[in-house]
Amino acid sequence: MLKDGAFTEPALPAGFTKENIRAFLNVKGPQTAPLFGNEAGREYNRFSVARVKGASTFVGVEESRVGDSWGVSLRVSSDLVHWSERYDIGSLAGDWGNARFHYPSFVNSAFTDNYEVDLNDFILLGTSANGTLNAARLKVML
């Protein structure tokens, strides 16, 4: 996990194994450093990353809230540590129940891979508050 600008800390608590997962359901993992600077009033809910097909860069999608507006944005990085400014791709005013892309993540256009996406044709997945899966097919130039 990233801490103080380097990937030096384990992401899981000491002693965690798949066999004893139940014993760790209420155990917090190690403290992390935020990827993005504190922005007054912005709360981050999710950040997911995929490699950009044919490039040595990564694209990230984030869900965040400012006041009563939930938004989804993209960022790019060449090293997974330093990220671009946010490219907002949608926001919706209102409470949690109004937004359609909670916990956003990527998948390729064939729905076979979430590790690498072609920015000319990819899918953004998210859920509504009632658990409905929503998808948007996107093409972006960053």
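The values are calculated or read from the model by the stated rules, or taken from the named source; none is laboratory data. Fair warning: this is a prediction, and the values are worked out from it, not measured in the lab. Cβ placement follows ideal geometry from the backbone for every residue including glycine, while neighbour counts extend to all protein chains displayed.
Residues in segment 104-142 that are hydroxyl-bearing (Ser, Thr, Tyr) and not in a loop (DSSP other than H, G, I, E, B) were compared, and the one that is farthest from Thr57 (Cα to Cα) is Thr127. Taking segment 106-134 as the range and being among the aliphatic types (A, V, I, L, M) and loosely packed, with under 13 Cβ neighbours inside 10 Å as the test, the residues that pass are Ala110, Ala129, Leu133. For segment 31-87, the set of residues classified as within 24 Å of Ala11 (Cβ to Cβ), among the small types (Gly, Ala, Ser) and modelled with pLDDT under 85 consists of Ala33, Gly37, listed by residue number. Considering segment 95-131, and only residues there that are modelled with pLDDT of 90 or more and of a type in the set (D, E, K, R), the residue that is nearest to Val49 (Cα to Cα) turns out to be Glu116.
Screening the candidates Val72, Val81, Val140 for the property of being touching a Phe, Trp or Tyr at 6+ places or on another chain (Cβ under 7 Å) and either aliphatic (A, V, I, L, M) or not assigned by TED's automatic domain parsing to the domain that holds Glu43 (or both) yields one hit, Val72. Pro30 meets each of the listed conditions (1) in a loop (DSSP other than H, G, I, E, B); (2) out of contact with any Asp or Glu (no Cβ under 7 Å at 6 or more places or on another chain) apart from (2).
Of the residues examined, Arg22 is not one that is of a type in the set (Lys, Arg) and within 18 Å of Phe122 (Cβ to Cβ).
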